[in-house]
Amino acid sequence: MQVSVDRDRCCSSGMCVMNAPTVFDQDDRDSLVTARQAVLLPEQFDDVRIAADLCPGRAITVVEDDPAQTGA
Ligand code: SF4
């Protein structure tokens, strides 16, 4: 799974940081989202999916791995 953020859509709500604090942070200058990492660990998947679902700006994009390529 990979995640990316669109700072142009972010409204600085902080919901993503509350739901996935190991993955997301907010910029000290403008409070817009930053991603701490792009490629995620399996134990982070559920929190990131929740963060993406609850993001009021629809600023988080999650790309699920293709099971055909991972053998999952
Ligand atoms: S939840 Fe969405 S709108 Fe809120 S800070 Fe995170 S990316 Fe920005």
Would you point out the residue of segment 36-69, among those that are modelled with pLDDT under 95 and of a type in the set (Gly, Ala, Ser), that is farthest from ARG7 (Cα to Cα)?
ALA68
In segment 5-21, is there at least one residue being charged (D, E, K, R), surrounded by fewer than 13 Cβ atoms within 10 Å (Cβ to Cβ) and out of contact with any Pro (no Cβ under 8 Å at 6 or more places or on another chain)?
yes
Filtering segment 53-70 down to residues that are surrounded by fewer than 13 Cβ atoms within 10 Å (Cβ to Cβ) and either within 12 Å of the ligand (Cβ to nearest atom) or of a type in the set (Val, Ile, Thr) (or both) yields ASP53, PRO56, ARG58, VAL63, THR70
Collect the residues in segment 1-52 that are assigned to a helix (DSSP H, G or I), within 8 Å of the ligand (Cβ to nearest atom), touching a helix residue (DSSP H, G or I) at 6+ places or on another chain (Cβ under 7 Å) and among the β-branched types (Val, Ile, Thr), keeping them in residue-number order.
none
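The values are calculated or read from the model by the stated rules, or taken from the named source; none is laboratory data. On a predicted model such as this, the values are computed, not experimentally measured, just so you know. In this analysis, Cβ positions are derived from the backbone assuming ideal geometry, glycine residues included, and neighbour counts consider all displayed protein chains.
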